[in-house]
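The structure under discussion appears below in the form of structure tokens.
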Amino acid sequence: MTSPALAGAATRGRHERRIIVMVGAPGAGKGTQARRLAAELGLLHLSTGELFREAVRDHTPLGDKVRSYVEKGALVPDDLTVAMVEDRLARPDADAGAILDGFPRTRAQAEALAASLGRRGEAVSAALYVEVAPDALIDRLAGRRVCSTNENHVYHLASHPPARPGVCDIDGARLIQRKDDEPATIRKRLERQLPPMYEVIDHYAETGVLSAVQGDQPIDEVTADLRRCISSAGRAS
């Protein structure tokens with residue numbers, strides 16, 4: 001179903017791109033699911049965290065503006081975040097569409113994204129909410145360990161432990177618990193991040209593109225549920 005559509009993406013108008021938003025709290029697994037689905041569907045996986053790091057590293061004009069906020073530990077303003085997303089979506093590898101991971105984080109960002117897409121005759125085709133109870137999120141995040149030399153090597157004490165306790169399977173480096181993954185820190189993050197996330201959920205429910213799946217299932221089952229949601233959204237459009 002996907003391949004013929006992707007084969008013709010370069011010759012179709014931009015209005016036919018699929019823009020999918022992934023919504024979920026920290027630890028819900030939305031990043032993992034976004035990467036999986038993007039690879040399956042031939043869409044760009046657009047992570048705003050990675051986008052910021054890339055722009056800062058490459059000293060792009062927008063990246064230099066972002067740097068001042070990142071270095072102070074401050075939130076990047078909505079207008080600058082939206083401008084960076086717009087710029088990234090304008091590149092050729094986004095011709096077929098994108099799965100947005102980590103954006104929008106607030107209703108204001110969701111509305112700004114809608115306005116930006118609307119100027120090109122586009123709209124978000126699906127907003128996928130990976131729902132996990134707050135207590136389960138704390139358990140998930142508190143058990144996470146990352147490689148001290150490569151944070152992309154991620155483990156979990158319960159669901160994905162390393163072969164040797166405290167040691168990365170890939171490069172043998174020491175595993176650490178990030179400060180952000182300590183229970184007290186997690187609770188504070190959730191208290192701060194959940195309310196605006198619920199406003200984003202409300203926004204997409206109001207626009208009729210929201211689908212929710214239970215994120216406390218095995219990863220493959222979550223992926224299968226999300227595929228069905230995307231398929232249903234495609235038929236509806």
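Values computed for the structure shown
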quantity	calculated
Convex hull of Cα atoms in the range 18-145, direction-averaged projection (nm²)	8.6 nm²
Rounded tilt (10° steps) of 183-207 against the dominant C-alpha axis of the chain	20 degrees
The chain: relative contact order as a whole-number percent, Cα under 8 Å and 6+ apart	26 percent
The chain: Rg to Rh, with Rh as the Kirkwood radius over Cα pairs	0.96
Loop-exposed trypsin sites (Lys or Arg not before Pro) per DSSP, neighbour cap 14 Cβ within 10 angstrom, longest uninterrupted part of the chain	13-118
Degrees, to the nearest 10: 61-72 long Cα axis against longest axis of the chain	30 degrees
For residue 129, distant residues with modelled amide H under 5 Å away	23, 211, 212, 213
The range 126-203: proportion of alpha-carbon pairs further apart than 17 angstrom, %	53 percent
Full-stretch length increase - residue 16, residue 160 - with 0.36 nm per residue and alpha-carbon distance subtracted	48.0 nm
Orphan Cys of the chain, criterion: no other Cys C-beta under 4.7 Å	229
Interchain or long-range residues, amide H under 5 Å from residue 153's placed H	147
Between helix 48-58 and the chain: long-axis angle, C-alpha atoms, 0 to 90°, nearest 10	90 degrees
Most fluctuating residue given options 124, 70, 85, as computed from a GNM of the chain linking Cα atoms under 10 Å	70
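Laboratory data are not the source of any read-out in this text; all were calculated from the coordinates shown. Not measured: the values here are computed from a predicted model. Please note: Cβ atoms are built from the backbone with ideal geometry, for glycine as well, and neighbour counts cover all protein chains shown.
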